[in-house]
Amino acid sequence: QMRGQCPFHAADGGVRALLGRTNKDWWPDALQLDILTQNGASPDPMGTEFKYADAFKKLDYQALKADLRALMTDSQSWWPADYGHYGPFFIRMAWHSAGTYRTADGRGGSGSGQQRFAPLNSWPDNGNLDKARRLLWPIKRKYGKNISWADLFILAGNVAIESMGGPVFGFGGGRPDSFEPERDIYWGTEEAWVDTGAQTRIQPDKGWELESPLAAIQMGLIYVNPEGPGGIPNPFQSARDMRVTFERMGMNDEETVALTAGGHAFGKAHGAVPADQLSGAPESEAMELMGFGWATDADQIEKGHITTSGIEGAWTPNPTQWGGDYFRLLFKYEFELVRSPAGAHQWQPINPDPEDMAPDARDPSRRVPTMMTTADMALKMDPEYRKISERFRDDQAALDDAFARAWFKLCHRDMGPKARYLGPEVPAEDLIWQDPVPAGTTPSEDDVAAFKSAILASGFPISALVKASWASASTYRRSDHRGGANGARIRLAPQKDWAVNDPQELAGVLSRIEELRGSLSMADAIVLAGSAAVEKAARDAGFDVTVPFTGGRGDASEAQTDADSFAVLEPRADAFRNYLATKQTVKTEEIMLDRAHLLGLSIPQMAVLVGGLRVLGANAGNSRKGVLTDRPGLLTNDFFVNLLDMGTKWKTVDESGDEEFVGTDRATGEERWRATRTDLVFGSNSQLRAVSEVYAEIGNEQKFVDDFIAAWVKVMNADRFDIA
Ligand code: HEM
């Protein structure tokens, strides 16, 4: 059961800004490079011509893998490999790169190599991963544009697992790097990182709920505090935190156990020295450290006197070898609570047999005790986790399969459909979380034309056709590339029943499209219905235009659809259809901005779509709010003209405050219009007003129509990775 998944729903009902605490709050003195990204200037040195997918196809994949394998045991003096093998370190790097993903808004994850930038490069949970990334630089440099950092992080994790005998399910490349910190993601509002006090986001006064869309239990963590909630070593409460946070990235109990136990078959935790002996995080560090943080003396590093999490020790006697030791030890021994040299809570086996001791990370002839974190202990203490753990203890093949699949899901969950995967190791098997869509065929021009005339003659209003297409395509989010018109999942549960889609009206339109579509797929026909309606609306307004159409979409079946997992795509607010289910914790116009970003729209594209959809009458519930025209159903710039008309005086009418407004004739006092925040913001906000003026100007009527159509087509094709 998905709980608290609406991205704008706070557990405590509080109000928040869209982005919460941002890089500028954490590092007010940081070099503000974004002054150079004004006026559309891109920070991406590769330029717009560069297509990463094409470059990846020229990659010598096997040579890269061989180099990565060699790197695993090529220990560097500035950060020697524990046990002579960097594999575990790279697995943790890959897992933390992917593990920021959350289902509620699809953001986070390894998709653009964000671990290179603030705040992620400086999160306490990412401690010392700056070194792991730097170890990869010679290889990144060698293969250059043919492999992105984002892909390299994940591939390094895969090769690490393979090189230590672990099971791997496959690898899909295709994550293009970004060259700037993401500015659209909400990481929370706390003003301190995790380690400055006993805080946790799950509180009794918040109904034990984790604020959505967050998927970590505290600011600066990937998921949970390894020492236990708020640093309190309680494995049962740790299980609660783990369940909530892993669920937020779409992982069930079995996947959670397999991932955590499988990961901790490898490597060690670092807590040999008190954390107050370390310097700050990379983003705030001295220039001469060249991007490194958490600095320690070279001789300390040499000796392995390193602190990362503060917990110290390996989980198993064979930290560079895949196997069943983790569960064997977890169940063989009773554990006592101890403190690491850095002062962290951790659990130590009582009276371990000598062969169950771990080698020292620098001196294999020395044996040291193994350990478990409080989160590891949860896998034994929580009754549900325990059942799974015992099964895996007794059935290594089951663990192998579960770990390999869960790791693959972890690392690819934010990549969207399989059409985006590249390379020779893409698994043939379709997985339900990939939202599979069968290939479609391109319809003939005659069939397209015949369908367009038939649907226009079917008697449905322009608005109903436009709404069906919009409902179908606008679920797309570029964060994890889910949703969109391809697959025609609009005709399946749960989407067909979403309130924002006016289910009854939609069902009528869809069944008529089904009757008329002939050889077209439903997915193509739904898009085409709206496009035909837009063309007619433009024609009726005196503009002879064609809406470009690219067919070839396929129709997904119910069996290919994990209905539960689509719940997170349901809009609780959709400015484009002037819809607001209930007041959210974030301002309605900020939710509009968020949605526009997920659709990949620019400011003018957002404006022209809102203005155009209003005059087409595309509102949910067919409300008149914001329909600032006397001739609805015609594609005109009336919305902008009337919005900016000083003859209208606006005031709030909504008793709950400021969501609805009435516009009256300034002279007569007569009511002219009704509108919402997401209408008036295009006149009240100075920057949006500047754009509205352009679309209202005499001489720009055609521009308005052309821009609307271009933005419309962009949304209709947003998920067409097959034609990109
Ligand atoms: C290391 C906690 C899940 C893979 C660690 C460390 C901690 C930790 C505290 C020690 C870091 C250090 O001090 O160097 C947790 C918790 C988890 C979790 C609380 C979830 C509840 C995972 C998962 C994976 C993973 C899902 C991968 C599938 C690793 C590996 C290391 C590690 C390979 C060793 C790194 C090294 O040797 O340098 N983890 N982890 N962990 N973790 Fe996890």
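The values are calculated or read from the model by the stated rules, or taken from the named source; none is laboratory data. Treat the numbers as computed from the prediction; the structure is a model and nothing was measured. In this analysis, Cβ positions are derived from the backbone assuming ideal geometry, glycine residues included, and neighbour counts consider all displayed protein chains.
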Residues being near the ligand (Cβ under 7 Å from one of its atoms) and in a helix (DSSP H, G or I) - total across the range 236-267: 5
- line: Just one listed residue, out of Arg489, Arg512, Arg517, is in contact (Cβ under 8 Å) with a residue 40 or more places away in the chain and surrounded by 24 or more Cβ atoms within 10 Å (Cβ to Cβ), and it is Arg489
task: Return yes or no: is Val224 within 12 Å of the ligand (Cβ to nearest atom) and under 16 Å from Leu120 (Cβ atoms)?
output: no
- prompt: Could you say whether any residue in the range 393-405 is touching a Ser or Thr at 6+ places or on another chain (Cβ under 8 Å) and either at pLDDT 95 or above or within 15 Å of the ligand (Cβ to nearest atom) (or both)?
  reply: no
field: Filter pass, Gly626 being closer than 23 Å to Ala537 by Cα, in a loop (DSSP other than H, G, I, E, B) and touching a Gly at 6+ places or on another chain (Cβ under 7 Å)
entry: no
- prompt: Looking only at the range 301-312, which residues are within 14 Å of Lys131 (Cα to Cα) and within 11 Å of the ligand (Cβ to nearest atom)?
  reply: Ile306, Thr307, Thr308
- prompt: In the range 199-228, which residues are more than 20 Å from His96 (Cβ to Cβ) and not aliphatic (A, V, I, L, M)?
  reply: Gln199, Gln203, Pro204, Asp205, Lys206, Gly207, Trp208, Glu209, Glu211, Ser212
- line: The lone condition Glu570 fails out of (1) touching a residue at least 60 places away in the same chain (Cβ under 8 Å); (2) within 29 Å of Gly40 (Cα to Cα); (3) among the acidic types (Asp, Glu) is (2)
field: the range 114-134 - residue that is surrounded by fewer than 22 Cβ atoms within 10 Å (Cβ to Cβ) and touching a Leu at 6+ places or on another chain (Cβ under 9 Å) and, of those, nearest to Arg482 (Cα to Cα)
entry: Asn121
message: Can you find a residue that is under 14 Å from Gly127 (Cβ atoms), within 12 Å of the ligand (Cβ to nearest atom) and buried (at least 23 other Cβ atoms within 10 Å of the Cβ) anywhere in the range 285-300?
response: yes
message: All but one of (1) more than 24 Å from the chain's Cα centre (by Cα); (2) surrounded by 21 or more Cβ atoms within 10 Å (Cβ to Cβ) hold for Met606; state the number of the condition that does not hold.
response: (1)
- prompt: Within the range 42-50, is there a residue that is away from the ligand (no atom under 16 Å from the Cβ), without any contact (Cβ under 8 Å) to a residue 24 or more places away in the chain, at positive phi and not in a helix (DSSP H, G or I)?
  reply: yes
- prompt: If you go through the range 414-429 one residue at a time, do you hit one that is modelled with pLDDT of 95 or more and within 16 Å of the ligand (Cβ to nearest atom)?
  reply: yes
Subset of the range 69-100 (residues that are within 9 Å of the ligand (Cβ to nearest atom) and either of a type in the set (Val, Ile, Thr) or over 19 Å from His264 (Cβ atoms) (or both)): Ile91
- prompt: Which one is nearest to Ser389 (Cα to Cα), of the residues in the range 210-235 that are of a type in the set (Gly, Ala, Ser) and in a loop (DSSP other than H, G, I, E, B)?
  reply: Gly228
message: For the range 260-270, check the following and say yes or no: at least one residue is among the hydroxyl-bearing types (Ser, Thr, Tyr) and out of contact with any helix residue (DSSP H, G or I) (no Cβ under 6 Å at 6 or more places or on another chain).
response: yes
query: Do you know which residues across the range 204-219 are surrounded by fewer than 22 Cβ atoms within 10 Å (Cβ to Cβ) and either aromatic (Phe, Trp, Tyr) or closer than 16 Å to Trp193 by Cα (or both)?
result: Trp208
